[in-house]
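For reference, the structure discussed in these notes is given below.
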Number of protein chains: 2
Amino acid sequence: MSISMHSASAPVFMRMLGNLTQWLDKAEAHATARKFSPEVLLAARLAPDMLPLSKQVQIACDTAKFCLARLAGVEAPKFDDTEATLDELRGRVRTTVAFVQSVPAAQVDGSEEREITVPRRAGPLLLKGEVYVKNYALPNFFFHVTTTYALLRHNGVELGKSDYLGAF
Amino acid sequence: MSISMHSASAPVFMRMLGNLTQWLDKAEAHATARKFSPEVLLAARLAPDMLPLSKQVQIACDTAKFCLARLAGVEAPKFDDTEATLDELRGRVRTTVAFVQSVPAAQVDGSEEREITVPRRAGPLLLKGEVYVKNYALPNFFFHVTTTYALLRHNGVELGKSDYLGAF
């Protein structure tokens, strides 16, 4: 009983996006307690040429969304990247989780050798399904999720490793 | 042909640790060009109560090391966490990769249902092998690898997403 393509991707994304939603809740509570607008956090960056928090959440969501869509060979829903509040970002996460959940496991399983095309600025990247999940989708997803966490910690939100990993 | 326990873990760790080594090379070049001691970077933190870069690299290494050791049921080599230079951190990464590489795939495969014990401050965490890899080891590994990257970017080292993901 080895790990199926669906089980290596969808539940991992859903679990971490659930954790991330709780960080956004804590970010909101922190802003309220400190009397600053929570929207300030959406513009926070770790470096001037790194993307702000709102974009980190959007890309984490899109990485999960496109991973399932590409593995299953279905169209991914289009999101407009207009989220301007923590609540709208939580909505983006919910819509993403709903889509990930809607893709049948049976349509994803068996996609180890499927040719996946990832559009990139330098030209499309062609990868086999298994390589795509392990070396592109998961690392990219965790990059944006962790950067979101790091941005909140850098800005004083009280989070710890157990918030990151979630409950067991 | 689904994903084996070894293939879901060891090659992912080795690939990302290889990428991380190159970030440390760029960090060294950056420090030299800007005429500051590269060791300054080892003490960098994103928040006063977050661990410094040296510790982020050590924990990324240990997460990979313990994951393979626990799945295979072998003793993990003990490292003393004494690295004080970028070069010593690169050495730590090399030693870790050598250990990960030394664990036979056949000893790791089939560990989906194996009972894994993760020592934690709050008491040991008991997880099945597959849950351990997907919800603990990989998220924790990517946390410390991404935080290392974020610390370097925050301190002006010129890195981009392609340095993070590595070559395809």
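The values are calculated or read from the model by the stated rules, or taken from the named source; none is laboratory data. Please read these numbers as outputs of a predicted model, since none were measured by experiment. Every residue, glycine as well, gets a Cβ built from its backbone with ideal geometry; the counts of neighbours run over all protein chains shown. Side chains included, ligands, DNA and RNA excluded: accessible areas come from the protein's heavy atoms. Shrake-Rupley method; radii C 1.70, N 1.55, O 1.52, S 1.80 Å.
Shielding by partners for peptide B:46-56, expressed as the average number of C-beta atoms from other protein chains within 10 Å of each residue's C-beta, is 2.
Partners of B:LYS35 within straight-line reach, counting lysines whose Cα lies under 29 Å from its Cα and excluding those fewer than 8 residues away in the same chain: B:LYS26, B:LYS55, B:LYS161. Peptide A:105-113 has a mean of 1 when you count, residue by residue, the C-beta atoms of other protein chains within 10 Å of its C-beta. Report the percentage of all Cα-Cα pairs in the range B:93-162 whose separation exceeds 16 Å, rounded to a whole percent. Roughly 67 percent, once rounded to a whole number.
For the range B:14-79, a crude dipole built from +1 on the beta carbon of Lys and Arg and -1 on the beta carbon of Asp and Glu, taken about the Cα centre, is about 80 debye to the nearest 20. Gaussian network model of chain B, Cα springs within a sub-10 Å range: biggest mean-square fluctuation belongs to which of B:LEU51, B:LEU89, B:LEU138? So, out of B:LEU51, B:LEU89, B:LEU138, the one fluctuating most is B:LEU51.
Scan chain A and report its longest stretch carrying no trypsin sites (Lys or Arg not before Pro) that are both in a DSSP loop and have at most 14 other Cβ atoms within 10 Å. Within chain A, the longest run free of exposed trypsin sites (Lys or Arg not before Pro) spans A:122-168.
Let me know the shape class of the protein assembly as shown, please: from the alpha-carbon gyration tensor, a ≥ b ≥ c as square roots of the eigenvalues, rounded when a/c is under 1.5, otherwise prolate if a/b is greater than b/c, or oblate. Since a/c stays below 1.5, the shape of the protein assembly as shown is classed as rounded. Placing a label point 7 Å from the Cα of B:VAL74 along the Cα-to-Cβ direction, the residues of the range B:98-140 with a backbone N closer than 12 Å are B:98-109.
Each other residue within a Cβ distance under 12 Å of A:LEU89 adds +1 if Lys or Arg and -1 if Asp or Glu, for a net charge of -3. Between A:ASP109, A:ASP81, A:ASP49, find the one with the highest GNM mean-square fluctuation for chain A; connect C-alpha pairs within less than 10 Å. So, out of A:ASP109, A:ASP81, A:ASP49, the one fluctuating most is A:ASP49. Computed on protein heavy atoms with a 1.4 Å probe, what is the summed buried accessible area for the chain pair B and A, in Å² to the nearest 100? Protein heavy atoms only, the B-A interface buries about 3600 Å². Couplings for the range B:133-140, taken from phi via the Karplus curve 6.51 cos²θ - 1.76 cosθ + 1.60 with θ = phi - 60°, read 5, 6, 10, 10, 5, 5, x, 5 Hz in order; Gly and Pro are left as x. Interface burial in the range B:136-150 reaches 50 Å² or more for B:PRO139, B:PHE142, B:PHE143, B:THR146, comparing the full protein assembly with the chain by itself; accessible area from heavy atoms with a 1.4 Å probe. Here chain A was treated as a single set of alpha-carbon atoms; its pair distances binned every 5 Å from 0 give 1, 9, 18, 21, 19, 14, 10, 6, 2, 1, 0 percent. Between B:THR85, B:THR117, B:THR148, the GNM of chain B built on Cα springs shorter than 10 angstrom shows B:THR117 fluctuating the most. Close amide H pairs (under 5 Å, H built 1.01 Å from N) link A:LYS128 with A:ILE116, residues at least 5 positions away or on another chain. Summed over the residues of the protein assembly as shown and divided among them, the accessible surface reaches 43 Å² per residue at a probe radius of 1.4 Å. Label reach from B:GLU158 (point 7 Å along Cα→C-beta): in the range B:16-43, amide nitrogens under 17 Å belong to B:22-36. The residues neighbouring B:HIS30, those whose beta-carbon lies less than 12 Å from its own, together hold a net charge of +1 under the Lys/Arg +1, Asp/Glu -1 convention. Panel note: the C-alpha atoms of the range B:44-118, placed on their principal axes, show extents of 41, 25, 16 Å (largest first). Across chain A, the longest piece that holds none of the GluC sites (Glu not before Pro) lying in DSSP loops with up to 15 other C-beta atoms within 10 Å covers A:1-74. Carbon-plus-sulfur accessible fraction, chain B (probe radius 1.4 Å, protein heavy atoms only): 54%. Considering only A:THR32, A:PRO119, A:VAL97, the residue lying farthest towards the positive end of the dipole of the range A:1-148 is A:THR32, judged by Cα position with unit charges set on Cβ.
Each Lys and Arg contributes +1 and each Asp and Glu -1, all at the Cβ; summed about the Cα centre of the range B:76-168, the dipole is approximately 180 debye. Across every pair of different alpha-carbon atoms, what Kirkwood hydrodynamic radius in Å does the range A:1-94 reach? Hydrodynamic radius (Kirkwood, Cα only) of the range A:1-94 equals 14.7 Å. Over the protein assembly as shown, dividing the summed -39,500 (n - 2.57) contributions of all DSSP H runs of at least 4 residues by the number of residues returns a 222 nm mean residue ellipticity of -18500 deg cm²/dmol. Taking Cα centroids, how far is the range B:21-79 from the range A:27-95 in Å? Distance between centres, Cα-based: 28 Å.
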